[in-house]
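In what follows, a structure is listed as structure tokens, so that the remarks can point back to it.
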Amino acid sequence: MTVKAVKMGCTAPNVYSKVPDGGWGWTVAFAFFFVEALTYGIIKSFGVFFNDLMESFDETNSRISWIISICVFVQTFTAPLSTVLSNRFGHRLVVMAGGVLISTGMVIASFARSVVDMYITIGVISGLGYCLSFLPTVTILSQYFDKRRSLVTAVASTGECFAVFSFAPAITALKEQIGWRYSLLSVGVLQLSIVICGSLLRPIIIQEQEEVKAQPPEEPTETKYMLENEQTRTSIESIDSGVEITTSPSNVPGKTKAEPKSEEPKEHVQILAENNSTPPEPKTKLLDFSVMRDYSFICYAFFGLFATLGFFAPSLYIIPLSLSLGIGKDHSAYILSAMAIAEVFGRISAGWVLNKKPIRKIYIELICVVLLSVALFAFPFASEFWGLMTCSIFFGFMLGTVAGTHIPLLAEDDVVGIEKMSSAAGVYVFIQSLAGLAGPPLAGVIVDTTQNYSSAFYSCAAGMVLGAVFLSLVRPCKVGLCHCSQQGTEESAVGAAPDLPDDFIDMDIGRGENSGKGENSGKGENSGKGSDKVV
């Protein structure tokens, strides 16, 4: 089948008769690739500045960790605000405003004189910009694709991995030439290109025109049958005596003419109500909290809450861990780059597997989360360069399978579905904010207490295990709710069955025959009674 698209101006929305699975969606995927690179790619590469900030501000690991922790917290905590603004002003303007905030925060942070200044600039200002840029982009990308959604989203999200692969060595080399402050300034100027990516996000409208056109032709046929019905009734009843024709309540002239007219407007009202209900559907809620009543979504949100503990801390502490093991700065940057390359293959592999039809996607996600937990537990056992490189590659691959799919999976029917994707993503990321705030500082406290960077990975692994437990409950909760709803619909269908009318022509013919028989029998009885009286 061909997808009908209405060509409009560059600023106008794209109108399709069904989900295009391509079209302008490829441009949106291209924009999402660079948004990923300039948001999460920079956040994961921030570990390059870790030791420089500790030396410049003379601060501990935990206090420096609060920079990214506050940034991730603001990014996830303000997710409902991003959803509301996107539904009110459109995804394009929100993403462009987010790019301006990100660049502004990074540029001001390059002139910071204390770690508190970093909390405000990178943590609050840039953190808000990250939220306004990332979430609307992934939401509108999911609306452009249906069958290819998992694969396209996974491939486009590899921009984050390519950014870590290229930014980590590049920023390390740049610091040696111009220092960490000017390097941070250069990163802020580069992030201003998010504004260009946001300008490519054209909204999409799906209008099912074929269903609307198929309904009106049924109107004249029903009206015709109703007129024939009345004619059949009057003709059958008129077979009997003329007295019965005038005294029968169904044959009163005013009544016979009123019935077709009374039924016809009802059909018009129903058809107009159905036709008018589909076009004005763009009136969506700014934020739909009804997803919080869905038990499967609640379990999935708790999965995201605990799994977030293991998303950011490893990328922040992998370079300090390698330095503590006596590995040089250049080799440490290579470890982070190898993790990013492995994450690319993990995202593409997960997208390819989840794109297969007969596979239950939520179970594939569960297997990946369990293997990711194993990878986190393996880091403390690495004691040399190649051991740490092996753990990083394995962790990067499994992280790619989870990080690139956990938000797009909200659009699957096992969680909430594509209709509530926008609101569910806002609430889901909002719940993640607590773990994003507590994750890096918790790992920093453990490092300060044990004086061992490898112990930071234990807290990440524990959170990932708890996330796997809640993820395993998503499908059972959804199946249980479906069974309850199916039973309710069956009961309502049984109760509503007697109200369904049979074919009215047969009913009226039967009534006419019964009335004719009743009139003949009544006349026989009356004539009999009259003859008895005469006798």
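Numbers at a glance
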| quantity | calculated |
| --- | --- |
| Theoretical FRET efficiency, 1/(1+(r/R0)^6), r = Cβ-Cβ of residue 292 and residue 182, R0 60 Å, to 0.05 | 0.85 |
| Label-point gap, in nm, between residue 473 and residue 56 - each point 7 angstrom along Cα→Cβ | 4.5 |
| Viscosity 0.890 mPa s, temperature 25 °C, Stokes-Einstein D of the range 315-391 from Kirkwood C-alpha radius, µm²/s | 175 |
| Average projection area in nm² (convex hull over Cα atoms of the range 362-485, one quarter of hull surface) | 8.4 |
| Sparse-neighbourhood loop sites, trypsin sites (Lys or Arg not before Pro) in the range 345-381 - DSSP loop, at most 12 other Cβ within 10 angstrom | 356, 360 |
| Cross-link pairs 44/361; 147/329; 18/478; 329/361; 44/356 - those with Cα-Cα distance over 32 Å | 147/329; 329/361 |
| Whole-percent pair-distance distribution, where bins are 5 Å wide, for the alpha carbons of the range 168-209 | 5, 18, 17, 12, 10, 10, 7, 6, 5, 4, 3, 2, 0 |
| Volume per residue of the C-alpha convex hull in the range 399-439, rounded to whole Å³ | 67 |
| More than 14 angstrom apart: percent of Cα pairs within the range 72-137 | 52 |
| Whole-Hz couplings from phi, Karplus 6.51/-1.76/1.60, listed for the range 323-340; x for Gly and Pro | 5, 5, 8, x, 8, x, 5, 5, 5, 5, 5, 5, 4, 5, 5, 5, 4, 5 |
| Linear extension gain, residue 462 paired with residue 363, 0.36 nm per residue minus alpha-carbon span | 33.6 nm |
| Placed amide H near residue 205: partners under 5 Å, 5+ positions off or other chain | 14, 15, 16 |
| Calculated FRET efficiency for the pair residue 117/residue 370, C-beta based, R₀ 45 Å, to 0.05 | 0.65 |
| Approximate spin-label separation residue 349-residue 196, in nm, with each point projected 7 Å along Cα-to-Cβ | 3.4 |
| Once the Cα gyration tensor of the range 80-219 is diagonalised, semi-axes √(5λ) in Å | 40, 18, 10 |
| Extension reserve of the residue 166-residue 356 stretch, reckoned as 0.36 nm per residue once the Cα distance is removed | 65.3 nm |
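Every read-out reported here was derived from the displayed coordinates using simple, explicitly stated rules and does not represent laboratory data. All of these numbers come straight from a predicted model, not from anything done at the bench. In this analysis, Cβ positions are derived from the backbone assuming ideal geometry, glycine residues included, and neighbour counts consider all displayed protein chains.
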